[in-house]
C-alpha cells in the first residue's frame, strides 16, 4: 500500500492559494502541508520533503509574484507541472461591530493590498498598511486581536474560518482580477496536449546591442508566441538582468525545441522551468500549423540530403 502523496502551499487555512488547490479535485486529495512563505514551499519540494508544491506566480493587476519566480529561476531546479487560474475577490474583514470610521490599520499580504489601492485611497485614506505573510494570516491576526481599529483584506473563506465580519466586498481595483498558480515537482515533464505553455529563463552571455532582439527573432521566425516577457535582476550587480519568458507550445514541439536549441548554441544560457498544459484557450491551431510547416521543411531537407553522394 502506497502512502498518500503530499502537497505544500501557503498557509494558514483560508488563503487564496488553498482555495486554488481545492479547485483541482485531484490536488484536493493530496496530504496538504501549510507553510509561512512561497519560497519555503518550493524549498521543501527541492529537499524531498514534499512531492508537490503549489504557489502563486502571477496576478493580473500586480504582475509577477517575485518570491516565487526568483526561487524557481535562481534557487531551485524544479519543474512546473500545471497552472491554475482563479478569479480573485478581495473583502475587507473586521471584528464584529467594527465600523469603517474606526479603522486605523489595514493588514494583508502586500500583493493583496496593492490590488486594492484605489478603494483604500478612497475609503480609508488615512489608514496605515501593514504586511502579513498571507491574506489568511492577516485575517487570523485580526480575529485573534479583536481590535476594532484593525481590518484585514482576505477572502470569504478565511472570514468564515476565523469568524470575521465582511465590512466591504469586491474591493479589488478591477473586476477581472485573476491570479495564476503553478504546481511544481522535482522532476517530470507532462505529456504534450496541444494546448501547452513552456516557461524558461534566459541568461545572456554578452550584454551587447541587439542581443535581446536576436533572441526574440528565434521565436518570431518560427511563429512562436510569447505570452510573457519580463526582465529580472540576477542578483549579481546593477544592470545584470535575465529574462523570464512564457511561450506557447511544448518542448516536444519541433519548432519550440529548435528555437531553444539555437538560442543555447548561439546566444544565451537557457534554464528550462517546464512545459505544461495551459489554463487558457491557448493557440492550438497556430501551433499545429507551425509544427506541420516545420515537419514539411524537415522532410524536404532530408530528401535533398539523401541525394548526397557517398
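Of note:
- In the set (1) closer than 28 Å to residue 40 by Cα; (2) touching a strand residue (DSSP E or B) at 6+ places or on another chain (Cβ under 8 Å); (3) part of a loop (DSSP other than H, G, I, E, B), residue 172 fails one condition alone, (2).
- Residue that is modelled with the highest pLDDT [pool: residues in the range 50-63 that are surrounded by fewer than 18 Cβ atoms within 10 Å (Cβ to Cβ) and in contact with a strand residue (DSSP E or B) (Cβ under 7 Å, 6 or more places away or on another chain)]: 51
- The single condition from (1) touching a strand residue (DSSP E or B) at 6+ places or on another chain (Cβ under 6 Å); (2) surrounded by fewer than 22 Cβ atoms within 10 Å (Cβ to Cβ) that residue 47 fails is (1).
- Single residue of the range 167-186 satisfying the filter (touching a residue at least 60 places away in the same chain (Cβ under 8 Å) and more than 18 Å from the chain's Cα centre (by Cα)) that is surrounded by the most Cβ atoms within 10 Å (Cβ to Cβ): 172
- The residue of the range 33-58 that is farthest from the chain's Cα centre (by Cα), among those that are in a strand (DSSP E or B) and under 22 Å from residue 241 (Cα atoms), is 58.
- Only residues that are surrounded by fewer than 24 Cβ atoms within 10 Å (Cβ to Cβ) and more than 15 Å from residue 88 (Cβ to Cβ) were counted in the range 130-166, giving 21.
- Residue match in the range 69-91 (condition: assigned to a helix (DSSP H, G or I) and over 21 Å from residue 185 (Cβ atoms)): no
- Hey, residue 85 surrounded by fewer than 18 Cβ atoms within 10 Å (Cβ to Cβ) and closer than 30 Å to residue 106 by Cβ or not: yes
- Top-ranked residue of the range 1-32 - restricted to ones that are over 17 Å from the mean Cα position of the chain (by Cα) and in a strand (DSSP E or B), ranked as surrounded by the most Cβ atoms within 10 Å (Cβ to Cβ): 32
- Which numbered condition residue 125 fails, given (1) over 21 Å from residue 15 (Cβ atoms); (2) surrounded by 18 or more Cβ atoms within 10 Å (Cβ to Cβ); (3) more than 25 Å from the chain's Cα centre (by Cα): (2)
- Reported count of residues in the range 209-239, each being more than 23 Å from the chain's Cα centre (by Cα), assigned to a loop (DSSP other than H, G, I, E, B) and more than 26 Å from residue 191 (Cα to Cα), is 6.
- Any chance residue 253 is surrounded by 14 or more Cβ atoms within 10 Å (Cβ to Cβ), within 16 Å of residue 80 (Cβ to Cβ) and outside the structural domain of residue 75 (by TED's automatic domain parsing): no
- For first residues located in the range 14-33 and outside the structural domain of residue 161 (by TED's automatic domain parsing) and at positive phi, partners that are buried (at least 17 other Cβ atoms within 10 Å of the Cβ) and outside any helix (DSSP H, G or I) and lie 6+ apart or on another chain with Cβ distances below 8 Å form the pairs 14/154; 14/155.
The values are calculated or read from the model by the stated rules, or taken from the named source; none is laboratory data. Predicted model, so just to flag it, every value in this text is computed and none were measured. Neighbour counts run over all protein chains shown; Cβ positions are idealised from the backbone, glycine included.
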